[in-house]
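Every number in this text was worked out from the coordinates using simple rules, so none of it is lab data. This is a predicted model, so every value here is computed, not measured. All Cβ positions, glycine included, derive from the backbone under ideal geometry; neighbour counts span all protein chains shown.
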Amino acid sequence: MKKVHDLEVQAFSRQSNSQRYNYFVEKVFEWQEAWGLGDEEGWVIAEIGEEIVFPLWPAEPFAKKCQVDNWQNTEVKKISFDELLTEVLPSLVEDDVQVAVFMVPDNEQCGVLPAQELLNDFVTLSEQKDTR
């Protein structure tokens, strides 16, 4: 896991959805890991409007900030990049679950997108890396 400074956590928690999404994709790809929340029953999911979403964060400190209210008794869990690409995102696509990228406490705005879109972005990045 890469160390994320508290100032970086504060700064990126105030960014727009698109800025947080770009940061998320870049850092998850660079660090080869993503973070979610879970409990004894499995991964945490949320409802945003009528959508069922699976929240993901680029680093542990960002996920920890969301351990509040109904999620205060959850555990922060690491997902390897390989597991994200080969298991988690394909499963979400199959179950028609959206991804909530980089949720921030006390912020009603959150980037929600189809899991297939996030998977496509990571595959594109991987292909670009392979051609270099």
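Every residue in segment 1-49 that is among the aromatic types (F, W, Y), in contact with a Gly (Cβ under 9 Å, 6 or more places away or on another chain) and over 23 Å from D69 (Cα atoms), please.
Y21, F24
Which of the residues that make up segment 69-93 are assigned to a helix (DSSP H, G or I) and either farther than 15 Å from W43 by Cβ or in contact with a strand residue (DSSP E or B) (Cβ under 8 Å, 6 or more places away or on another chain) (or both)?
Selection gives D69, W71, F81, D82, L84, L85, T86, V88, L89, L92, V93.
Are any residues in segment 13-28 exposed (fewer than 13 other Cβ atoms within 10 Å of the Cβ), among the hydroxyl-bearing types (S, T, Y) and out of contact with any strand residue (DSSP E or B) (no Cβ under 8 Å at 6 or more places or on another chain), and if so, which ones?
S16
Kindly indicate whether S13 is over 22 Å from K129 (Cα atoms), among the hydroxyl-bearing types (S, T, Y) and in contact (Cβ under 8 Å) with a residue 12 or more places away in the chain.
For S13, the condition - over 22 Å from K129 (Cα atoms), among the hydroxyl-bearing types (S, T, Y) and in contact (Cβ under 8 Å) with a residue 12 or more places away in the chain - is met.
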